[in-house]
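Comments concern the structure below.
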Amino acid sequence: MKHLQVMAIAGFLVCSAALPACRPGDVQIDTSRAEIVTQESDRLNDWFAARYDEELARSPMTQTYLGKRVNRDRLDDISQSALDEEAALRRSWLAEMKRSFDVDRLDEDAALSYRLFEVQQEDWLATHAVSGNDYVFQHMSGPHSSLPSFLINFHDIATEQDARDYIARLEAFDDYFGQAEMRAEAQADNGVMLPRFVYEKIAEPSRNIIAGAPFTDGEDSPLLKDFKSKLNETNLNASQKADLVTAASTALLESVEPAYRSLLSMFERHAEKATDDDGAWKLPQADDYYAARLRHYTTTDLTPDEIHDIGLREVDRIQTRMREIMERVGFDGSLQDFYTFLRTDPRFTYANDDTGRSAYVADATSIIDEMRGRLDGLFLTKPEADMIVKRVEPFREATAFGAFYDAPALDGSRPGTYYINLKDMADQPKFLQQALAYHEGIPGHHMQIAIAQELDGVPEFRRLGGHTAFIEGWALYAEEIPKELGLYTDPYKEFGQLGMEIFRAARLVVDTGLHAKKWDRETAVQYYLENIPNPEGDVRAEIDRYIVWPGQATAYMIGKLKIVELRERAETELGDAFDIRQFHDVVIANGSVPLDILERNVERYIDQTKESS
């Protein structure tokens, strides 16, 4: 399409099979081609907007997450029938797009959107086809913890109606959990059971939600505490507030508590039947399932063996660089001895109390702020949305990720948020802090995701969608590029950056080990402890994460390796014409894309730069 556009601008005649035929002697002016391309591209973008609205209308919770103040009294339908209905809808969208639009009549950006929409729907349908093996409840992101977290973090209260909408959502807990429970029961009937150890990990946060008032004596439970706190910030009078607290308490007792009691009973029943087998190899059609998970997360066709071997090579490469830093700091001993030193020396940890936790958050914020002020040297496009660092709420910190990011609201009402899990400060050592802040904040997740949200003239699904290999690959790449600005001034923190990198390289080994090579949980833990510097508590939590989330952990390193490969190719082919700021724009200013499309975008950048040089 770029070629056709250039020809029209240059004043050449254009004949195409996709346009009215050119007969001998006809004068086919170039504007006719340009007009058709513009009309068709606009028509496709309008069609995308309608599909996005159709999709968004199915998810009141996504509407709230995006800052839209509609349907705030409703939760999503997460029943199996609703998921099957969505699959049928997406299949019809894909067929309609292919039937109604000719990619040869689209401009370059619309053609990219066409391909990305096609990939998105095909991937969603492929994922749905194997979703019977995806655990409905697991300790990283199950409905039992994600629903209360959603209300606490995204349902604000400014008016009486906001409060009543919150209460309506509390009243819907039993229906929402009931839908998930039916799916989990159907899975169990089909032999899809969590490993035995996971059941206590999902039971504990469930019990935490119904501990405290109004369920028991003592402090307010997490949801009642949140409701009261938000209500107290409004201008409602004391009588109104009291009535609303009474209504919320009733909803908690009559809907929320029974919903959790039913879940806990199911968890107990399933735990009695569960085994200690950990990997996806134990599930129905295991090979096909794991292959589908790898394709989804990496956007490649790499096999488990190929990914495993890449991981082994990368671990060896990074350990060589680590030993160079050991020599620089004068450490006498093996790499494993150095890991032990980092895990146990108190100089590398904050105090394990609220003072230490506050200090960690303050220091992480300073790291991000310093990087924010240095972006001009590496980037042309920068995000407008703000971001903050926040501690994970205590009720879910026992099972939450070590760190994660939530995107800002589209209307600017909520900043991007880097959440850090500070349950045990030994699991968040100082030598990893700098690289982790870059990953979750700037120039990592916040930079890439906020820029995508702020893109002009592209369909919403491109601004808000995501491919794990791209998003996490960028964030892992972003951990290293501050070195180019001289921001890693401490060799231990430089070692920490390598520690974060080897952590992701080793994931390629343990994820495929667990799910394709039948490693047990302890074998994976010991591989990590021998090869990466992370604290043991963090290591065990990570292995438990991979067990319930097959394939996801492989996306990070596969994505970064592709970005580095493309950068090296651009640097080699362009020489002095290479501009790191332009390269970064090509990578992140199109939104999230699969790795093969990223490669084509970079190849186009290389060709265009050569032409203009």
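The residue pairs whose first member lies in segment 383-410 and is modelled with pLDDT of 90 or more, whose second member is basic (Lys, Arg), and whose beta carbons are closer than 8 Å, counting only pairs six or more residues apart or on different chains, are Arg391/Arg357; Val392/Lys423; Pro408/Arg414.
Checking each residue in segment 519-538 for being assigned to a helix (DSSP H, G or I) and of a type in the set (S, T, N, Q) picks out Thr523, Gln526, Asn531. Ile202 fails exactly one of the following numbered conditions: (1) more than 24 Å from His270 (Cβ to Cβ); (2) β-branched (Val, Ile, Thr); (3) in a helix (DSSP H, G or I). What is the number of that condition? Evaluating Ile202 over (1) more than 24 Å from His270 (Cβ to Cβ); (2) β-branched (Val, Ile, Thr); (3) in a helix (DSSP H, G or I) leaves (1) as the failure. If you check Ile167, Ile157, Ile202 for being among the β-branched types (Val, Ile, Thr), in contact with a Lys or Arg (Cβ under 7 Å, 6 or more places away or on another chain) and farther than 22 Å from Ser81 by Cβ, only one passes: Ile157.
Hey, among the residues in segment 295-324 that are buried (at least 17 other Cβ atoms within 10 Å of the Cβ) and aliphatic (A, V, I, L, M), which one's nearest to Phe495 (Cα to Cα)? Result: Met322.
The C-beta contact set for segment 170-184 (first residue outside the structural domain of Tyr260 (by TED's automatic domain parsing) and buried (at least 21 other Cβ atoms within 10 Å of the Cβ), second residue at pLDDT 95 or above and in a helix (DSSP H, G or I), distance under 6 angstrom, 6+ apart or interchain) is empty.
Scanning segment 487-538 for residues that are free of Cβ contacts under 8 Å to residues at least 12 places away in the same chain and closer than 17 Å to Gly444 by Cα yields no hits at all. Checked against (1) under 27 Å from Thr299 (Cα atoms); (2) buried (at least 18 other Cβ atoms within 10 Å of the Cβ), His144 meets all criteria but (1). Of the residues making up segment 242-279, those that are of a type in the set (Asp, Glu), assigned to a helix (DSSP H, G or I) and under 30 Å from Ile543 (Cβ atoms) are Glu268, Glu272.
Taking the conditions (1) exposed (fewer than 13 other Cβ atoms within 10 Å of the Cβ); (2) in contact (Cβ under 8 Å) with a residue 24 or more places away in the chain; (3) not in a loop (DSSP other than H, G, I, E, B) in turn, Ser239 satisfies each one other than (2). When Leu112 is tested against the conditions (1) buried (at least 20 other Cβ atoms within 10 Å of the Cβ); (2) in contact (Cβ under 8 Å) with a residue 40 or more places away in the chain; (3) in contact with a Lys or Arg (Cβ under 8 Å, 6 or more places away or on another chain), the lone failure is (3). For segment 340-356, the set of residues classified as exposed (fewer than 13 other Cβ atoms within 10 Å of the Cβ), hydroxyl-bearing (Ser, Thr, Tyr) and under 21 Å from Ile532 (Cβ atoms) consists of Thr344 only.
Scanning segment 571-613 for residues that are in contact with a Leu (Cβ under 6 Å, 6 or more places away or on another chain), closer than 19 Å to Ile451 by Cβ and without any contact (Cβ under 8 Å) to a residue 60 or more places away in the chain turns up just one, Val602. Pairs linking a residue in segment 452-468 that is over 25 Å from Thr300 (Cα atoms) and small (Gly, Ala, Ser) to a residue that is modelled with pLDDT of 90 or more and surrounded by fewer than 18 Cβ atoms within 10 Å (Cβ to Cβ), with Cβ atoms under 8 Å and 6 or more positions apart or on different chains, are Gly457/Asp109.
Residue-by-condition table, conditions (1) buried (at least 22 other Cβ atoms within 10 Å of the Cβ); (2) outside the structural domain of Tyr297 (by TED's automatic domain parsing); (3) charged (D, E, K, R):
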residue	(1), (2), (3)
Asp456	no, no, yes
Leu464	no, no, no
Glu479	yes, no, yes
Lys483	no, no, yes
Tyr492	no, no, no
Glu501	yes, no, yes
Arg507	yes, no, yes
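Here Gln120 passes the criteria (1) among the polar types (S, T, N, Q); (2) under 30 Å from Ala172 (Cα atoms); (3) assigned by TED's automatic domain parsing to the domain that holds Ala57 except the one numbered (2).
The values are calculated or read from the model by the stated rules, or taken from the named source; none is laboratory data. On a predicted model such as this, the values are computed, not experimentally measured, just so you know. Ideal geometry is used to build each Cβ from the backbone, glycine not excepted, and the neighbour counts take in all protein chains shown.
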